[in-house]
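Throughout, read-outs are computed from the coordinates displayed, never taken from laboratory work. Everything quoted here is computed from the prediction, not taken from an experiment. For neighbour counting, all protein chains shown are included, and Cβ atoms are generated from backbone atoms with ideal geometry for every residue, glycine included.
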Amino acid sequence: MMPDEISRRTEALPGEEPALLQVEGLSHYYGERLGCRDISFDLWPGEVLGIVGESGSGKSTLLNLLAGRFPPSSGTIRYRDAEGLTHDINSLSEAVRRRILRTEWGFVHQHPRDGLRMRVSAGGNIGERLMACGSRHYGNIRSTALDWLERVEIAADRIDDRPTAYSGGMQQRLQIARNLVSGPRLVFMDEPTGGLDVSVQAKLLDLLRQLVRGLGLSVVLVTHDLAVARLLAHRLIVMRRGEVVESGLSDQVLDDPHHPYTQLLVSSILQG
Amino acid sequence: MDTTVNEPVLSVRGLSKSFTLHTQGGTVIEAFADLDIAVRPGECLALHGPSGAGKSTLLRALYANYKPCSGSIIVKHGNSQVDMATASPRAVLSVRHSTMGYVSQFLRVIPRVSCLDIVAERLSLHGEKDDAAREKAGELLARLRIPKGLWNLAPATFSGGEQQRVNIARGFIRHYPILLLDEPTASLDAANRETVVALIREARSAGSAVIGIFHDEAVRDAVADRVFTLRPH
Amino acid sequence: MTTTVNSADGASSNQPSVAYNFAYLDEQTKRMIRRSILKAVALPGYQVPFGGREMPMPYGWGTGGIQVSASVLGKHDVFKVIDQGSDDTTNAVSIRSFFARVAGVRTTTDTEEADIIQTRHRIPEQPLREGQIMVYQVPIPEPLRWMEPSEAETRTLHALEEYGVMHVKLYEDIARHGEIATSFDYPVLVNGRYVMSPSPLPKFDNPKMNQCPALQLFGAGREKRIYAIPPYTTVKSLDFEDHPFAVQQWNEPCAICGATDSYLDEIITDDAGGRMFVCSDTDHCFKRVAGQSLSAASDEEGEFFTTEVDSSVHERRKK
């Protein structure tokens with residue numbers, strides 16, 4: 001048997017759902033300047049895909065394109081929704097795109113204040129998606145919010161405090177709860193541990209890992225921290241100057257990097 | 001009797017691995033070349049050779065932690081066959097999930113997760129209820145003489161021997177048709193070595209094909225029925 | 001102003017003293033505003049932009065309402081203005097006299113008699129009838145503004161009916177106060193489609209907007225928006241299933257007319273903490289007292305309330 005045949009045969013594993021996100025030939029230019037070029041990959045249900053690279057490598061451009069925040073210069077992004085319908089993200093109507101964004105997707109920003117309503121209590125922040133999806137029972141919204149506070153390890157008596165009264169780590173956990181409360185299928189994360197102290201990072205990472213596994217989430221995770229990538233991501237894409245230079249299984253990319261840039265990245269960042 | 005029992009669960013053909021160090025002027029380090037190996041259910045193959053012969057590298061390549069330069073690693077995975085040398089990441093993870101277990105020399109610790117949960121997770125990922133998984137994990141940790149007082153602690157602060165035993169418990173908590181062991185007894189005392197030998201024998205009788213690096217000759221003689229020798233390049 | 005003399009001047013104090021067009025605005029402007037009003041009526045609760053004009057008074061004094069009134073006012077209409085329910089506060093008096101001068105229309109304080117009622121805070125207690133037009137002066141027309149500072153975003157939210165954030169505001173109220181504490185400008189859903197701000201109306205008046213026989217027009221002068229509720233339109237106050245919408249209630253009746261079902265203002269009567277509650281709708285209160293005085297007089301049961309007391313209380317309120 002040829003290796004190629006074998007790998008193709010094992011590509012669609014029996015009894016598995018088809019890909020959630022299919023990205024083909026995605027490129028983006030900011031005027032003359034390259035954002036990212038010719039990116040293609042599939043994301044499968046329950047899979048965590050890490051996008052690593054230095055700042056300016058095009059990671060965030062790619063993440064924003066995937067989340068449909070602006071249209072690419074060329075290429076397509078197809079998303080398979082909860083009903084099994086496949087949508088071309090960039091030809092969706094604004095109404096459908098926003099519906100998907102607040103029900104089936106989540107977006108965790110690096111800075112919690114970009115993803116939270118800072119003048120609204122923690123309970124209101126978590127409850128917003130529920131209310132946006134039609135919940136009109138205060139008691140139920142509140143008990144769901146309490147449940148989620150517990151899951152992200154925030155004391156129940158902080159439910160009526162505004163995020164401004166929270167520490168950075170708590171704000172980030174609140175942002176995660178706010179995103180996950182509606183049971184999304186796909187979550188985009190932009191350096192979720194970026195602005196936090198190392199000790200706080202570990203706690204958040206562990207929490208993310210548990211939630212992602214427990215809920216079977218698909219995640220596209222942008223990070224420059226290879227330790228975060230190793231712990232959370234099944235698969236990595238290494239970007240440099242807007243292009244993918246290497247991709248594959250996370251531990252393989254990190255332990256046996258082939259591309260000179262990846263070797264440099266691994267040897268210079270990952271110590272021990 | 002199932003006619004497939006005696007077919008190899010793992011067949012390696014023409015496997016080669018070298019490393020090109022781009023950060024060091026493109027130096028090429030050859031680990032091994034053109035290996036052929038076949039292992040059947042219940043067999044235990046000991047990898048032998050001096051330090052630097054590529055034993056650990058070979059194990060890592062079999063686990064797809066390292067990417068071979070050429071050759072194939074065909075694994076019987078459920079009812080299909082997967083070439084670990086070329087398979088997609090998803091297929092590799094699927095093989096690791098249910099077919100191939102790996103006990104490395106060092107425990108890569110996860111912050112904050114207790115050692116009981118690290119072991120139990122292997123069962124709960126396969127659908128076992130949390131409580132039942134914890135109970136089984138506790139039994140195995142007890143067998144490996146990890147004091148109960150440590151079960152609820154994260155293993156980051158454990159001694160080398162304790163970490164190694166947590167790692168072993170994680171590898172043996174459930175049945176894997178293929179088990180890769182990288183010096184599982186290296187930092188263990190005699191009593192724990194005996195326990196590990198017993199665990200390996202139990203795995204073999206349950207049908208696991210074992211490939212291991214055993215530094216300790218007594219252990220190797222006690223568990224392995226074949227030896228595969230690698231020579232340094 | 002008096003330098004311009006025309007033959008009609010002096011003949012009647014209701015005639016314009018200068019050669020303004022009828023109702024101050026020129027016909028082109030009124031036509032433009034009417035077009036916006038028509039669009040607003042066609043899309044109940046939707047905020048229609050209009051080319052608001054500079055009016056001879058500052059923003060915040062009802063310039064939006066005045067432009068709407070000017071555009072719908074006819075020569076034979078009877079005009080009423082209330083401010084906080086009262087016909088004789090400074091703002092009400094000056095707007096009433098403005099239209100008396102620039103349009104020469106008859107004015108009134110009687111709700112029943114009025115064809116057009118311009119208001120800042122209240123809907124009269126007396127039920128409105130078909131053919132009447134309520135004109136509301138609106139300071140902040142956008143109900144979503146509290147949650148969303150971006151105008152582009154609020155327009156999108158309206159367009160896509162994404163009104164979850166409105167409930168976040170109500171959620172915050174309950175979380176903070178144990179109940180929905182918003183008592184003014186309480187958001188409503190109009191005709192099952194657009195969430196609308198009822199201007200600084202007390203929520204007490206919200207139910208009056210529902211299935212109202214009169215046409216209701218809202219004008220925001222600073223923000224240059226017009227919106228409308230056509231007669232007999234469903235207007236629902238937003239709420240939660242377990243915290244249903246409820247109006248304010250008072251523990252005592254109006255100190256003047258004894259009404260138990262009207263919106264009451266609290267009046268401080270002295271420096272020693274003395275206070276009383278009286279109807280905010282002066283026309284309603286006066287009419288009730290007039291009725292009671294008649295019956296009291298006929299029953300010969302002595303003094304009930306004298307008009308002197310009435311006027312002194314309402315005088316005090318004006319301060």
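Annotations for the structure displayed:
- Anisotropy class of the protein assembly as shown from Cα gyration tensor, a/c 1.5 cut: prolate
- Note on A:Ala95 and A:Arg241: with the Förster distance fixed at 35 Å, the Cβ-Cβ geometry gives a FRET efficiency of about 0.45.
- Three-way shape call for the stretch A:117-183 based on the alpha-carbon gyration tensor, with the a/c threshold at 1.5: prolate
- Counts of other chain beta carbons within 10 angstrom of each beta carbon in peptide A:155-162 average 1.
- Pair B:Thr229, B:Arg174: separation of 7 Å Cα→Cβ label points (nm): 3.9 nm
- The phi-based Karplus calculation (6.51 cos²θ - 1.76 cosθ + 1.60; θ = phi - 60°) puts the 3J(HN,Hα) values of the stretch A:173-180 at 5, 5, 4, 5, 4, 4, 7, 8 Hz, whole numbers, x for Gly and Pro.
- Maximal additional length on extending the B:Ile29-B:Phe106 stretch stands at 25.4 nm, based on 0.36 nm per residue less the C-alpha distance.
- Cβ neighbours within 10 Å from other chains - mean over B:19-29: 3
- Residues in the stretch B:165-189 that a label on B:Ser98 would reach, taking backbone N under 20 Å of a point 7 Å out along Cα→Cβ: B:171-180
- Bridge orientation summary for chain C: considering DSSP beta bridges with both residues in this region, about 60 percent are antiparallel.
- D by Stokes-Einstein for the stretch B:109-174, Kirkwood Rh over Cα pairs, 25 °C, 0.890 mPa s: 215 µm²/s.
- B:Phe32 long-range amide H proximity, modeled H, under 5 Å: B:Lys17
- Calculated from backbone phi, Karplus (6.51, -1.76, 1.60) coupling profile of the stretch B:74-83 in Hz, x at Gly/Pro: 8, 10, 7, 10, x, 9, 10, 10, 10, 8
- Charge sum, other residues only, whose C-beta stays under 12 Å from B:Val197's C-beta, Lys/Arg counted +1 and Asp/Glu -1: 0
- Protection proxy ranking of C:224-231, A:35-42 - average other beta-carbon atoms within 10 Å, highest first: C:224-231, A:35-42
- For C:Ala255, nonlocal amide neighbours, meaning residues 5 or more places apart or on other chains whose placed amide H falls under 5 Å from its own, are C:Phe277, C:Val278, C:Cys279.
- Simple label model, 7 Å out from Cα along Cβ direction - C:Arg31 to C:Asp270, nm: 6.3 nm
- The stretch C:97-138 and the stretch A:135-185 have their alpha-carbon centroids 49 Å apart.
- Backbone N atoms of the stretch C:135-155 closer than 18 Å to the 7 Å Cα→Cβ label point of C:Arg193 belong to residues C:143, C:155.
- Fully extended contour minus Cα-Cα distance, from A:Cys133 to A:Arg113, at 0.36 nm per residue: 5.0 nm
- Summarising the amide proton neighbourhood of B:Ala85: residues at separation of 5 or more, or on other chains, whose placed amide H is nearer than 5 Å comprise B:Ile73.
- Between the alpha-carbon centres of the stretch A:42-101 and the stretch B:58-137 there is a gap of 29 Å.
- Only Cα pairs under 8 Å and 6+ residues apart enter the sum, and on that basis the relative contact order of the stretch A:117-183 stands at 49 percent.
- As a proxy for reagent exposure, A:Leu92, B:Leu59 were ordered by neighbouring Cβ count within 10 angstrom, fewest first; the result is A:Leu92, B:Leu59.
- Derived scalar couplings ³J(HN,Hα) [the stretch C:55-68; Karplus, 6.51 cos²θ - 1.76 cosθ + 1.60; whole Hz; x for Gly, Pro]: 10, x, 7, x, 4, x, 9, x, 5, x, x, 5, 5, 5
- Note on B:66-72: average number of Cβ atoms from other chains within 10 Å of each residue's Cβ is 3.
- Per-pair calculated FRET efficiency, R0 = 35 Å: B:Arg13 and B:Arg145 via Cβ, rounded to 0.05: 0.30
- Neighbour counting of Cβ atoms within 10 Å sorts the residues A:Asp160, B:Asp131, fewest neighbours leading, into B:Asp131, A:Asp160.
- Shape class for the stretch C:71-118, computed from the alpha carbon gyration tensor (a ≥ b ≥ c): oblate, with a/c not under 1.5 and a/b at or below b/c.
- Applying a threshold of 25 Å to the alpha-carbon distances of C:Lys30/C:Lys287; B:Lys55/B:Lys148; C:Lys80/C:Lys287; B:Lys55/B:Lys76; C:Lys169/C:Lys236; C:Lys30/C:Lys80 flags C:Lys30/C:Lys287; B:Lys55/B:Lys148 as lying beyond it.
- FRET efficiency estimate (nearest 0.05) - Cβ-Cβ, C:Asp110 to C:Ala159, R0 30 angstrom: 0.10
- Cross-link reach list, aspartates and glutamates versus B:Lys67, counting only Cα pairs under 16 Å and skipping chain neighbours closer than eight places: A:Asp4, A:Glu246, A:Asp251, A:Asp255, A:Asp256, B:Glu30, B:Asp34, B:Asp83
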